[in-house]
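> Let me begin by handing over the structure; questions about it come next.
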Amino acid sequence: MVSVRDLRKRYGPVEAVRGISFEIQRGEIFGLLGPNGAGKTTTIECILGLREPDAGTIEIAGLDARHDPAAVRERVGAALQTTALHDRITPREALRLFSSFYRRPVDPERLLERFSLTGKADEAVDGLSGGQKQRLALALAFVNAPELVFLDEPTAGLDARSRRELHDEIRRMRDDGHTVLLTTHLLEEAEQLCDRIAIVDRGRIVAIGAPQELVAGSARRHRIVLRTDRPVPADLLQAVAGVAAPTGETDTPSPPAAAAAGRSNELTLQTESAGPTLLALLSALDAHGIALEELHVQRATLEDVFIDLTDATAAERAS
Amino acid sequence: MKGFLAQLAISLRLYFRNRMAMLYGYLFPTVFLIAFYVLYRYERVPLVRHMGELLTVTILGGACFGLATTLVSERERGVWRRYRLTPIPAGTLVASTIAARYVLLLSAGLLQLALAMGLGMPLPDHPFGLVISFSVASFAFLGLGLVIAMIADNVPAVQALGQTIFLPMLIIGGVAVPLASLPDWALYISAFFPGRYAVDAIQATVDGEGLDAAAFSLLALVLIGLAACVAGAGMFRWDAGQRFAKSPGRGWVAVALGGWIGVGLLAQAQGRVIPPELAAERSAAAAAVDRTRASAPLSPAPLPEIEPAPVVPEADEPPASTDSPQTNDGTSDPVSAAGPTGTQPPPSSGAPAPAPTDEVDAGTSVPSMPEADRPADAPDTDPVDTAPADTPADAPAVDSEGAEAPVEVPEWQKVTLAQIMEDLVFDRLPPDSGVVTPVAAYDDIPPEDIWYELDTIQAALETWPPGRTADVLDRARNLLLVPAVIDVYQLPTEPYVPLMVFDILQRDIDSEVLIKALYHIAVHPDEGGDEAIEQLHLLGIGRGPVDMYEVRGRLGVYAVKLIGRITGARPGR
């Protein structure tokens, strides 16, 4: 559906996008993740034809997006954060106006219904709640029955309930056969919502795949959180770390097999193999006469993966 | 097309939802109209003469501010970034927004017109032509608004840019201040601004000869509009951050300005800077003066002060500020005054100096009537040989009292007609159709509601004591004070009374004597008593405080205007 190859864009001395490539399959929700300034926005703007990339190819639904942006826009819907509507326009008017810009528009009344805006159809945009405004933005992205929908931080600024509703809405889009490309800085959201994600950092994609795959592929599949009755000596942890030796199965640059963090009597350890680490840890604590008060073992989250990857590139850059 | 119409419809709908914009778009023209109406309240049908200006101001406001503010505030908000995600071309959207603004302008113009007609304005002479000229003017200014919108980054910048174009155009661009009242330098500048062409084109269709008469103005507006549209399209940006990302941006500004400059140069090349009616008046005057003057070399304009129009911004040299204009051009210098071409000031005291001999006969043909009445004022002995020279020109003529003068010819009559014609410059007079010292055309029919007033004045003038004084000079001065005061008061009778007074003067006084008297009045407006003003109530003219300074200035202008009429140097309309 979407194929981006070796996209590059430079602003003066800053190379914002340094060779990004990815593919999006028809009918999937694809997430672009990354810290601010990573190049997500530039990438999306290039794909939408809002910016002219320096190099690379962009193909959308078989069309060369760089040569035929108008044809692409006919088939693509978008809800970007930086856009807005006139404050006195009503949802119905906005949908009618935008549907007049396309060759094969969807009936605005159907969109009002589908995005639960019928009740507010004739109220000025100014008076809508944040969730309603966001639903209107989504509805507008759908006026042309797009094959591909771009959503830029779709749930930014929404409360938990509106966010959940919006997630359902986005899943419905996919189920209706639309392809969705979204950006987010919320890892939880990406994990719950996206079929596949690409993590972008400093103009490059540092990891790409399904969220579960990324987590599974991570060097730290497990996190051990424990609380003790008194501080744990550092050399004890060194010994434990030695037990859980790395297996080197991921392509990330040599992450430590286990890392400790926290205050002295509250510890978080990360390890690839929970069993041996726990065993070693418990016996070491026992040998030192430290009593265990609380112990949790968790699977690694996308956040761990994300921080690892973005930290790694930061470290790489620093060196 | 579907998108164009939808955007047009929504633009209009949103406009009417915005109270502030409505206020600006409709209240502003209404207030302007009423302001004009109140300002000229003493003229009964002023609006028909100002419709060009009024409608142009409406267009200017709606385009310079209205359109640009809408475009820029929408762009700032991100509305245009949203549009950009759709396949509709920018040109369609912009054209549609401009079309919506045009519809609004048209409605505001119609409102203004309807209001003016409610206040007594007759139907425009060329209604269809008016639609055309209004539309062409709108096109030019909407293009300007587009350029402003593309240059300005935010709404305050629109206001600033708009004002820098709006205000000069109002004041020296021939929009709020009539071209006829502007000094020449301003006329040359105004030729580069679209304002005067809009006023001209619209006015021509309201009470003029129609579109044909305004062909050049229409062409100028189209050229300016086209250049602006090309520039606006070239500079188009979806969001403020895009500003002049590439250097060609500035080049487009040059294209827009090129439209103005091109039109200005074309106007200069075609000699259209001086508006035709003013040019006609001037060339008629110049031709007449040439005829009268025969071989006299041009003297520097001796009567610049006669342009006292209070509306002229640089009128810091007010009327009658000097006793006689000659003090300005150096003719009080004995050498040049003694020159054979006779640019001397009027005779004052009897210092002998060579006088041009070929003018002697003029001095001798003075009729006897006034002489007996002014023995004290006319003390000179020999009218032929004593021409003035070394006396300062501003020395009052009357101060020669008791000199070696016989009774025959008063001093003020010593000047020759040739000298007078040499001295006066008729083409600098304010136009008869203007605000200052207006004179009605002979076939002008006064509005009905001042008939009674005019009748009263006409009848009373015949028996008005100051107008019956035996002394010709005093009589002429007293009679001319009447229209001068009325002009200063801006009474509705102001253009008609001068004609009555002119008629009486011409009927009762020999024309040559009259010319000399008028000349004396014109160059010595400060001399002589103003007591006659105390008796204006006999003419039914209310007596209020009056600025004598202004009155004397206008007195002089009316005097010269009448000389122009008698001699044919500046014929009436």
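The values are calculated or read from the model by the stated rules, or taken from the named source; none is laboratory data. Note that the structure is a prediction, hence the values are computed from the model and not measured. When we count neighbours, we look across all protein chains shown, and the Cβ atoms used for this are built from the backbone with ideal geometry, even at glycine. Calculation scope for accessible area: heavy atoms of the full protein, side chains included, ligands and nucleic acids excluded. Shrake-Rupley method; radii C 1.70, N 1.55, O 1.52, S 1.80 Å.
> Can you say whether A:V125 is within 25 Å of A:R172 (Cα to Cα), buried (at least 21 other Cβ atoms within 10 Å of the Cβ) and within 11 Å of chain B (Cβ to nearest Cβ), as far as the supplied structure shows?
Spelling it out, it is not the case that A:V125 is within 25 Å of A:R172 (Cα to Cα), buried (at least 21 other Cβ atoms within 10 Å of the Cβ) and within 11 Å of chain B (Cβ to nearest Cβ).
> Return the residues of segment A:93-120 that are within 14 Å of chain B (Cβ to nearest Cβ) and among the aliphatic types (A, V, I, L, M); say none if nothing qualifies.
Once the filter is applied, which keeps residues that are within 14 Å of chain B (Cβ to nearest Cβ) and among the aliphatic types (A, V, I, L, M), segment A:93-120 yields A:A94, A:L95, A:L97, A:V106.
> For segment B:526-539, what are the residues that are buried (at least 19 other Cβ atoms within 10 Å of the Cβ) and either touching a His at 6+ places or on another chain (Cβ under 7 Å) or among the aliphatic types (A, V, I, L, M) (or both)?
Scanning segment B:526-539 gives B:A532, B:I533, B:L536, B:L539.
> Show the residue pairs meeting these rules: Cβ distance below 6 Å; 6+ apart or different chains; first residue within segment A:65-92 and facing another protein chain (nearest Cβ under 8 Å); second residue part of a strand (DSSP E or B) and modelled with pLDDT under 90.
A:A71/A:L63; A:L80/A:D152
> Given (1) at pLDDT 60 or above; (2) open to solvent by 40 Å² or more (accessible area, probe 1.4 Å), identify the lone condition not met by A:S254.
(1)
> Tell me which of these B:M1 doesn't satisfy, since it passes every other one: (1) open to solvent by less than 10 Å² (accessible area, probe 1.4 Å); (2) of a type outside the set (G, A, S); (3) more than 9 Å from chain A (Cβ to nearest Cβ).
Of (1) open to solvent by less than 10 Å² (accessible area, probe 1.4 Å); (2) of a type outside the set (G, A, S); (3) more than 9 Å from chain A (Cβ to nearest Cβ), only one is false for B:M1: (1).
> Does any residue of segment A:110-132 turn out to be within 17 Å of B:R84 (Cα to Cα), part of a helix (DSSP H, G or I), in the same structural domain as A:L33 (by TED's automatic domain parsing) and among the small types (G, A, S)?
Looking through segment A:110-132, none of the residues is within 17 Å of B:R84 (Cα to Cα), part of a helix (DSSP H, G or I), in the same structural domain as A:L33 (by TED's automatic domain parsing) and among the small types (G, A, S).
> Considering only residues that are touching a residue at least 60 places away in the same chain (Cβ under 8 Å) and within 34 Å of the chain's Cα centre (by Cα), which ones fall in segment B:143-162?
B:G143, B:L144, B:G145, B:L146, B:V147, B:I148, B:A149, B:A157, B:V158, B:Q159, B:L161, B:G162
> With the requirement that a residue be in contact with a Ser or Thr (Cβ under 7 Å, 6 or more places away or on another chain) and open to solvent by 10 Å² or more (accessible area, probe 1.4 Å), what does segment A:68-98 give you?
A:R73
> Restricting to segment A:29-52, give me the number of residues that are of a type in the set (A, V, I, L, M, F, W, C) and within 12 Å of chain B (Cβ to nearest Cβ). First the steps, then the outcome.
Going residue by residue through segment A:29-52, those that are of a type in the set (A, V, I, L, M, F, W, C) are A:29-30, A:32-33, A:38, A:44, A:46-48, A:50.
Remaining after also requiring within 12 Å of chain B (Cβ to nearest Cβ): A:44, A:47-48, A:50.
Adding up the residues that qualify gives 4.
> Being open to solvent by less than 50 Å² (accessible area, probe 1.4 Å) and assigned to a loop (DSSP other than H, G, I, E, B) is true for just one of B:P466, B:P431. Which residue is that?
B:P431
> Please give the number of the condition B:A21 fails out of (1) out of contact with any Phe, Trp or Tyr (no Cβ under 9 Å at 6 or more places or on another chain); (2) closer than 17 Å to B:L111 by Cα; (3) within 14 Å of another protein chain (Cβ to nearest Cβ).
B:A21 satisfies all of (1) out of contact with any Phe, Trp or Tyr (no Cβ under 9 Å at 6 or more places or on another chain); (2) closer than 17 Å to B:L111 by Cα; (3) within 14 Å of another protein chain (Cβ to nearest Cβ) except (1).
> Run down B:R477, B:R468 and say which single residue is at pLDDT 85 or above, of a type outside the set (A, V, I, L, M, F, W, C) and more than 29 Å from the chain's Cα centre (by Cα).
Selected residue: B:R468, the only one of B:R477, B:R468 that is at pLDDT 85 or above, of a type outside the set (A, V, I, L, M, F, W, C) and more than 29 Å from the chain's Cα centre (by Cα).
> Here is a follow-up. From the list A:G39, A:G49, A:G12, which residue is open to solvent by less than 20 Å² (accessible area, probe 1.4 Å) and modelled with pLDDT under 90? Outline the logic, then answer.
Details: A:G49 fails: open to solvent by less than 20 Å² (accessible area, probe 1.4 Å); A:G12 fails: open to solvent by less than 20 Å² (accessible area, probe 1.4 Å).
When all the criteria are applied, what remains is A:G39.
> Starting from residues that are among the β-branched types (V, I, T) and not in a loop (DSSP other than H, G, I, E, B), keep the ones in segment B:540-571 and report whichever is surrounded by the most Cβ atoms within 10 Å (Cβ to Cβ).
B:V557
> What are the residues in segment B:213-235 that are open to solvent by 10 Å² or more (accessible area, probe 1.4 Å) and modelled with pLDDT of 85 or more, if any?
B:A215, B:F216, B:L218, B:L219, B:V222, B:L223, B:L226, B:A227, B:C229, B:V230
> Working carefully through the options B:S181, B:S135, find the one that is open to solvent by 10 Å² or more (accessible area, probe 1.4 Å), at pLDDT 90 or above and not hydrophobic (A, V, I, L, M, F, W, C).
Values: B:S181 fails: at pLDDT 90 or above.
Residue meeting the stated conditions: B:S135.
> Just checking, how many residues over segment A:99-122 are open to solvent by 40 Å² or more (accessible area, probe 1.4 Å) and within 20 Å of B:P89 (Cα to Cα)?
Adding up the residues that qualify gives 3.
> Please identify the pairs in which a residue from segment B:73-93 that is more than 7 Å from chain A (Cβ to nearest Cβ) has its Cβ atom under 7 Å from the Cβ atom of a residue that is of a type in the set (K, R) and surrounded by fewer than 16 Cβ atoms within 10 Å (Cβ to Cβ), counting only partners at least 6 apart or on another chain.
Cβ pairs passing all conditions: none.
> Looking at segment B:1-59, which of its residues are under 21 Å from the mean Cα position of the chain (by Cα), aliphatic (A, V, I, L, M) and modelled with pLDDT of 85 or more?
If the condition is that a residue be under 21 Å from the mean Cα position of the chain (by Cα), aliphatic (A, V, I, L, M) and modelled with pLDDT of 85 or more, then B:M51, B:L54, B:L55, B:V57 are the ones that fit.
> Going by what's in this entry, would B:I34 be described as open to solvent by 10 Å² or more (accessible area, probe 1.4 Å), part of a helix (DSSP H, G or I) and either more than 14 Å from chain A (Cβ to nearest Cβ) or among the hydroxyl-bearing types (S, T, Y) (or both)?
Answer is yes for this residue.
> Looking at (1) among the acidic types (D, E); (2) within 17 Å of B:Y558 (Cβ to Cβ); (3) modelled with pLDDT of 80 or more, which is the one condition that is false for B:D427?
That leaves (3) as the condition not met.
> How about segment B:524-557: which of its residues are in contact with a Lys or Arg (Cβ under 7 Å, 6 or more places away or on another chain) and without any contact (Cβ under 8 Å) to a residue 24 or more places away in the chain?
Selection gives B:H537 alone.
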